[in-house]
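K.L.:
Got a structure for you, written out below as structure tokens; questions coming shortly.
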Amino acid sequence: MHMATSELRGSSLKLTRIESVSPDATVRHVDQLETETLDTFYAAVEGNRPITAAEMGLDAGDVIVGTEYYRVDLM
Amino acid sequence: MTHYVIIGDGISGSSAAETLREKAPDATITVITDEGEPLYNRILIKEHAKGKLPEAPISIHEEGWYEERDIELSLNTHVTSVDTDAKVVHTHDSGDLEYDKLLVATGGTPTQLPVDNSDADGIHHFWTFEDARGIREHAEQSDTGVIVGAGLLGIDFAAVCGAQGIEANYLMRGDRWWRYALSADGAEIMHGGMRDVGVEPVFDSGVDHFETDDDGHVTAAVDPNGDRYECDFAGVAIGLSFNTEFLRGAGLEEDNGIMVDEYMQTNVDDVYAAGDLTRFYDVLLGEQAQNGSWGSAKEQGRIAAVNMAADDEAEQFEWVSSYSITHFDFPFLSFGHPTLGDDHAERKYSDTEWRRIAFKDGKIVGGVLIGDLSPQTAFKQLMREQRVVADQKEVLLEQSVDLDELAPTQEQ
């Protein structure tokens, strides 16, 4: 799996790779995601298919900790 | 008015408190913890120790969260014993507490190596937020490290050393990391990840004793072969001892954990248990099992609370757990019970991709995915459906798993 792409776009949200986290951010580890959300997250990271905000079950600004840190940004 | 007492404010205890308040709006709920801070994110404390995440996002609940829900939170409170006949919890200096129903969710404490100087300064165990703060502070000042414990907890220390620029040796007793779940092919990918962050795996090793300087600070680990590894930082993660000492004499059945059924009930009336310390009846596995993952602990707390509030066997625990390692360039996911079962299948796809599936009675009971996690949803679905698929390993080992390619389910 390649996670070097810093910005990955779906149909309505993008995951932006970040290097640091602000103290007021809501941060979740991938192990806190439901199975389907986890699937969607990794698909978004790989850029395999369009992602909708509803699928992700996440809010804009949320930070997800996987092999990299990603911030969820609504498009 | 019913009084629910929860001992432990980790994710299972806190999840139970939240569920109880929803199910029993008028009940009295008390949460007792010997820690000095409310619920925090135990999965993320390793990120703090690595120096990548500030403290604030790791806290989950402020004390106000409990006040808003009219839940009594008792921090820094040490439970000394439980009288299950009188239904009373005794504490060290906060008095006695009567309960109608009790949930034990006290988790565990890292096991110390039974070797000389294992309590020296600079030797760390990793479980609480306070541990993580100490590890981060010391790691930032350290140059050389030793890691002990070739499992899912030990590898967090490898990641801390890597992220903090500590040149470290990872001393393992066997010939590979997590030898109970990984073959040589799978483990080699993990060893590569360790080396990439500056941590060297050392096999057929371990620790015979630690050496210290005149101030009692660790200076080296010596393995059973007599080889000496200098270090000013050491991380030990060889397992957990469950926090059940206060239950001595309470009549709860224990077997390396508190025995509970699929409703999180112990063998003692009105006493439930949830989280890491349970040996629960896994309805998917068909036997007692243990699991230390965040999601499992959260769900066990919820299930316990549902049944406590209903005063009945209202909902059973049925869960496929996940545990990820996110420290390296490639993802790693363990699901279910990858070390159990009576059959398995595995395949290596590339230098960073490997898969193992464990079966029991022909059904998937767990597995490990390295590099490519895309089959996880399909495998978890098959687990939940308890479908017999061990005779179709080739389909399951295809790079892209298509459940439509499986033969139709036969009548059993």
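The values are calculated or read from the model by the stated rules, or taken from the named source; none is laboratory data. What you see is a predicted model; the values in this text were computed from it and never measured. With ideal geometry, Cβ positions are generated from the backbone for all residues, glycine too; neighbour counts draw on all protein chains shown.
K.L.:
Out of B:VAL207, B:VAL222, I need the residue that is surrounded by 15 or more Cβ atoms within 10 Å (Cβ to Cβ), without any contact (Cβ under 8 Å) to a residue 60 or more places away in the chain and either of a type in the set (Ser, Thr, Tyr) or more than 18 Å from B:ASP156 (Cα to Cα) (or both). Which one?
P.N.:
Only one candidate qualifies: B:VAL222.
K.L.:
Can A:LEU8 be described as modelled with pLDDT under 75, assigned to a strand (DSSP E or B) and in contact with a strand residue (DSSP E or B) (Cβ under 8 Å, 6 or more places away or on another chain)?
P.N.:
Yes.
K.L.:
Next up: Tell me, please, whether a residue that is within 14 Å of chain A (Cβ to nearest Cβ) and over 30 Å from B:THR30 (Cα atoms) can be found in the stretch B:123-136.
P.N.:
No, every residue in the stretch B:123-136 fails to be within 14 Å of chain A (Cβ to nearest Cβ) and over 30 Å from B:THR30 (Cα atoms).
K.L.:
Would you check if there is a residue in the stretch B:83-106 being under 24 Å from the mean Cα position of the chain (by Cα) and surrounded by fewer than 18 Cβ atoms within 10 Å (Cβ to Cβ)?
P.N.:
Within the stretch B:83-106, not a single residue is under 24 Å from the mean Cα position of the chain (by Cα) and surrounded by fewer than 18 Cβ atoms within 10 Å (Cβ to Cβ).
K.L.:
A follow-up question, please. Looking at this structure, is B:GLY165 closer than 30 Å to B:ILE7 by Cα and not polar (S, T, N, Q)?
P.N.:
Taking the combined requirement at face value, the residue does not satisfy it.
K.L.:
May I pose another question? Given the conditions (1) more than 14 Å from every other protein chain (Cβ to nearest Cβ); (2) in a strand (DSSP E or B); (3) farther than 18 Å from B:SER322 by Cβ, which single one is not true for B:TYR349?
P.N.:
Among (1) more than 14 Å from every other protein chain (Cβ to nearest Cβ); (2) in a strand (DSSP E or B); (3) farther than 18 Å from B:SER322 by Cβ, B:TYR349 violates only (1).
K.L.:
Let me ask another. Sort out which residues of the stretch B:145-185 are buried (at least 17 other Cβ atoms within 10 Å of the Cβ), closer than 17 Å to B:GLY239 by Cα and of a type in the set (Gly, Ala, Ser), and write them in order of number.
P.N.:
B:GLY149, B:ALA150, B:GLY154, B:ALA158, B:ALA181, listed by residue number.
K.L.:
Something else: Report yes if some residue within the stretch B:314-323 is at pLDDT 95 or above and assigned to a helix (DSSP H, G or I); otherwise report no.
P.N.:
Among the residues of the stretch B:314-323, not one is at pLDDT 95 or above and assigned to a helix (DSSP H, G or I), which makes the answer no.
K.L.:
Could you please find all residues in the stretch B:80-112 being among the β-branched types (Val, Ile, Thr) and within 25 Å of B:ALA24 (Cα to Cα)?
P.N.:
B:VAL82, B:THR84, B:VAL88, B:VAL89, B:VAL104, B:THR106
K.L.:
Which pairs have Cβ atoms under 8 Å, sit 6 or more apart or on different chains, and link a residue in the stretch A:15-37 that is within 8 Å of another protein chain (Cβ to nearest Cβ) to one that is in a loop (DSSP other than H, G, I, E, B) and of a type in the set (Gly, Ala, Ser)?
P.N.:
Here the result reads A:ALA25/A:GLY61; A:THR26/A:GLY61; A:VAL30/A:GLY66; A:ASP31/B:SER293, each pair linking the stretch A:15-37 to a residue that is in a loop (DSSP other than H, G, I, E, B) and of a type in the set (Gly, Ala, Ser).
K.L.:
Scan the stretch B:241-253 and tell me whether some residue there is part of a helix (DSSP H, G or I), of a type in the set (D, E, K, R), in contact with a helix residue (DSSP H, G or I) (Cβ under 6 Å, 6 or more places away or on another chain) and at pLDDT 95 or above.
P.N.:
No.
K.L.:
While we're here: In the stretch B:324-346, how many residues are assigned to a strand (DSSP E or B) and closer than 25 Å to B:ASP391 by Cα?
P.N.:
Number satisfying all stated conditions: 8.
K.L.:
Filter the stretch B:66-78 down to the residues that are in contact with a helix residue (DSSP H, G or I) (Cβ under 9 Å, 6 or more places away or on another chain), of a type outside the set (Ser, Thr, Tyr) and not in a loop (DSSP other than H, G, I, E, B) and list them by number.
P.N.:
Once the filter is applied, which keeps residues that are in contact with a helix residue (DSSP H, G or I) (Cβ under 9 Å, 6 or more places away or on another chain), of a type outside the set (Ser, Thr, Tyr) and not in a loop (DSSP other than H, G, I, E, B), the stretch B:66-78 yields B:ILE71, B:GLU72, B:LEU73.
K.L.:
Keeping to the stretch B:361-374, report how many residues are away from every other protein chain (no Cβ under 12 Å), in contact (Cβ under 8 Å) with a residue 40 or more places away in the chain and under 16 Å from B:TYR180 (Cα atoms).
P.N.:
Of the residues in the stretch B:361-374, 2 are away from every other protein chain (no Cβ under 12 Å), in contact (Cβ under 8 Å) with a residue 40 or more places away in the chain and under 16 Å from B:TYR180 (Cα atoms).
K.L.:
For a quick check of your reading: which strands (runs of 3 or more DSSP E) sit entirely within the stretch B:106-199 and have at least 2 residues that are farther than 25 Å from B:GLU245 by Cβ and of a type outside the set (Ser, Thr, Tyr)?
P.N.:
Strands (runs of 3 or more DSSP E) meeting the threshold: B:144-148, B:167-171.
K.L.:
Checking the condition of a type outside the set (Val, Ile, Thr), surrounded by fewer than 17 Cβ atoms within 10 Å (Cβ to Cβ) and on the phi > 0 side of the Ramachandran plot, which residue from B:GLY362, B:GLY371 passes?
P.N.:
The unique qualifying residue is B:GLY362.
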